[in-house]
Structure formats: structure tokens, C-alpha cells
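The values are calculated or read from the model by the stated rules, or taken from the named source; none is laboratory data. Everything numeric in this text was worked out from a predicted model, so none of it was measured. Cβ coordinates were reconstructed from backbone atoms using ideal geometry, including for glycine residues, and neighbour counts include every protein chain displayed.
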Amino acid sequence: MGEKRKKVYEALVEGATQGHSDRSLYDFVRSRCPKTSSKKLVRASLLALTDPDLKDRNILSTIYALAIKHRLDEVRVDEIDDEDDDDPKELAPSVSRRPDGSSAGDLPA
């Protein structure tokens with residue numbers, strides 16, 4: 001795990017454990033990690049959601065809600081940071097595209 005992601009993860013879990021949620025949790029994480037982007041926040045959230053030691057349903061729900069909210073944010077130019085990516089040029093597969101290039105909408109009725 002990258003050092004930056006670990007720091008964001010720790011701030012996220014600590015803030016959620018202290019009872020912060022939504023904007024309050026985001027502000028808490030940003031106060032601890034001022035250069036955090038939405039992308040890093042979402043990745044740290046996913047890390048927290050897969051942590052077998054985190055078992056409190058409320059904390060997990062709070063982190064999940066924040067991750068979803070920021071996953072849907074538009075990426076700002078100042079947040080583009082590919083240094084933690086394994087392969088930044090690799091595109092995520094599209095759910096609506098099939099391997100042959102056609103889309104799910106092209107299927108006969």
C-alpha cells in the first residue's frame with residue numbers, strides 16, 4: 001500500500017470511528033491529508049471496506065456512503081494524480097460494451 005493511501009485510510013477510519021460522517025468526515029480527512037483527491041479517498045475507502053478488522057456496521061456504512069458520493073464526483077484538473085496507479089493508461093472496462101465492440105443496446109429485442 002502506498003504511504004499516501006495509508007495515511008488517507010487511517011484518517012478515514014479514525015474520523016468515522018469518532019462519529020464523523022458525510023461532509024464532516026470529508027473535512028476531517030482533508031484536514032489530516034490536505035492534498036487528498038476524490039480518487040485517493042475512494043481507493044482508501046475501498047481498502048477500509050475490505051479490511052477484515054473493521055467490523056462495525058455503522059463505520060463501514062459511513063465509509064461506503066462517502067466513497068460512493070466521491071466516486072460520482074467529476075474529476076477536477078487539480079486532482080489528476082496517476083503516481084499510485086499500476087498502469088495509468090489502462091481503461092476500466094465498460095459494463096455496457098461487449099468484447100466484440102457492440103453495446104448491450106445493440107442486442108435484438
In region 1-22, which residue that is under 12 Å from Asn58 (Cβ atoms), surrounded by 13 or more Cβ atoms within 10 Å (Cβ to Cβ) and not aliphatic (A, V, I, L, M) is modelled with the lowest pLDDT? Ser21
Go through (1) at pLDDT 55 or above; (2) hydrophobic (A, V, I, L, M, F, W, C); (3) not in a helix (DSSP H, G or I) for Ala48 and report which single condition fails. (3)
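Run down Lys35, Lys40, Lys69, Lys89 and say which single residue is touching a helix residue (DSSP H, G or I) at 6+ places or on another chain (Cβ under 6 Å), among the basic types (Lys, Arg) and either at pLDDT below 95 or part of a loop (DSSP other than H, G, I, E, B) (or both). If you could, list the steps in order and put the result at the bottom.
Working: Lys35 fails: touching a helix residue (DSSP H, G or I) at 6+ places or on another chain (Cβ under 6 Å); Lys69 fails: touching a helix residue (DSSP H, G or I) at 6+ places or on another chain (Cβ under 6 Å); Lys89 fails: touching a helix residue (DSSP H, G or I) at 6+ places or on another chain (Cβ under 6 Å).
Answer to the check: Lys40.
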